[in-house]
Amino acid sequence: MSRELVRLITGHVFLHACMAGMRMAAPLLALREGYSAAAVGVLLALYALTQVFLALPAGRYADRHGLKRPVAWSVGAATLGAGAAVAFPVFPVLCFSALLTGGATGAAVIALQRHVGRAAQTPTQLKQVFSWLAIGPAFSNFLGPFVAGLVIDHAGFRWAFFVMAVLPLLAWAFIRGAHEAALPEASARAKPGRAWDLVREPMFRRLLLVNWFLSSAWDVHTFVVPVLGHERGMSASVIGTILGAFAMAAALVRVVLPVIAARLREWTLVAGAMIATALIYAVYPFMHTALSMGICSVLLGIALGTVQPMIMSMLHQITPHHRHGEAVGMRLMVINASSVAMPMLFGMAGAVVGVSAVFWTVSAWLGVGSRLAFGLRDDKKS
């Protein structure tokens, strides 16, 4: 792993931690102010809403301008979003903050993933560099909620939002010195196409569907744990630690993933993760203590932590070089469109039938969807 990749990962950690911390702190503040689980679901959905509309334009922008310019805009938007919550910690402003920090993180991720993917020379290198890069958001999903929870318990919500507003500036300090690779020229034989042309390819479409199933499982955990912990009287620090345990497990499995990925094909890891996640969600509602919830959280992090690098490796192998940013944007658009709808659906379902039914529904859903993951083995390039 090169020094530049280390800098990119570190910058990614700080930028993503801003959103992860806001995504834990803002719903807790809303719950303490008396807002319902359904309202919290709407708030969480807003972190993905901007990314739905910005993903494709951000991907094309990254294809045209590379890494630094998209990241610079993202840093400014994330700092503004978290800073607004410092000045006005009320529900409408928290919604505005969610839109800005979510959109900023999504745009930066597209530029980073495109940049790193173009630096790899072989399929094995693709799996390895995306495994290293994926450590960033996994670790930041621990850092953001954990730090935000500690600051909330000791200094209050406004100080927590202030700390989150500083993190994107630290990210820019690491990323601004990165080497900007030359932009690729489209093949002379390539015809201008629309983004939806990519979806017409069967393997790309199957890959998006599998990614959607698994990202929905991630969304369930992010949404349900704060609600469940609040109902059971757990403190912000405990809730943040449970979420952080999930993220830390995902980060640690990605540390060893480059070695594992060199020996296993992508579809094998993805299918195994899907089945394991279904089983964990089936037993999660029976866990009533912070320790037992933490154990399930760790196991879930190990399973889901293996997925994203393998998805990104396959994605870069089945799409043209000059459309990598667009393909990454399409992937992000699809999974974030789901992330807009699913928390609202989970919130309404949780209010009506309880959070246990949400867990079991997702478990069954993943079990059925695992057939798609096994279909990825038909991709000869993986």
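The values are calculated or read from the model by the stated rules, or taken from the named source; none is laboratory data. All of these numbers come straight from a predicted model, not from anything done at the bench. Here the Cβ is made from the backbone with ideal geometry for all residues, glycine too, and neighbour counts use every protein chain on show. Calculation scope for accessible area: heavy atoms of the full protein, side chains included, ligands and nucleic acids excluded. Shrake-Rupley method; radii C 1.70, N 1.55, O 1.52, S 1.80 Å.
Note down the relative contact order for the chain as a percent, whole number, built from C-alpha pairs under 8 angstrom at least six residues apart. Contact order relative to length: 30 percent. A 1.4 Å probe run over the protein chains yields, for the chain, 40 Å² of accessible area per residue, whole-number rounding. In this simple spin-label approximation, E180 and A364 carry label points 7 Å from Cα along the Cα→Cβ vector, and these lie 5.3 nm apart. Each of T306, T122 has its accessible area taken with a 1.4 Å probe; listed largest first, they run T122, T306. Of the residues F130, F174, F91, the one with the largest accessible area comes first in the ranking F174, F91, F130, computed with a 1.4 Å probe on protein heavy atoms. Leaving out ligands, DNA and RNA, what percent of the accessible area of the chain is carbon and sulfur, probe 1.4 Å? Carbon-and-sulfur percentage of accessible area, whole number: 68. Applying 1/(1 + (r/R0)^6) with r as the Cβ-Cβ distance of L150 and T289 and R0 = 25 angstrom yields a FRET efficiency of 0.75. Round to a whole angstrom and tell me the spacing of the C-alpha centers of the range 7-59 and the range 79-140. Centre-to-centre distance over Cα atoms comes out at 10 Å.
Structure remark: mean-square fluctuation, Gaussian network model of the chain, C-alpha springs under 10 Å; the largest value among I318, I302, I135 belongs to I318. Only the Cβ atoms of Lys and Arg (+1) and of Asp and Glu (-1) were treated as charged; on that basis the dipole of the chain about its Cα centre amounts to roughly 1000 debye. Go through (i) 24.2; (ii) 20.5; (iii) 23.2 and flag the label whose value is the computed Kirkwood radius over Cα pairs in Å for this structure. Step by step, Kirkwood radius over Cα pairs in Å for this structure corresponds to label (ii). Per-residue extension of 0.36 nm, minus the Cα-Cα distance of V255 and R3, leaves a gain of 89.1 nm for this segment. Computed over the chain with a Gaussian network model linking Cα atoms closer than 10 Å, the most mobile of V40, V90, V151 is V90. Extension gain for the segment E33 to R60, taken as residue separation times 0.36 nm less the Cα-Cα distance, is 5.7 nm to one decimal.
Annotation: amide H of R265 has no partner in the under-5 Å range at sequence separation 5 or more or interchain, hydrogens built in the peptide plane.
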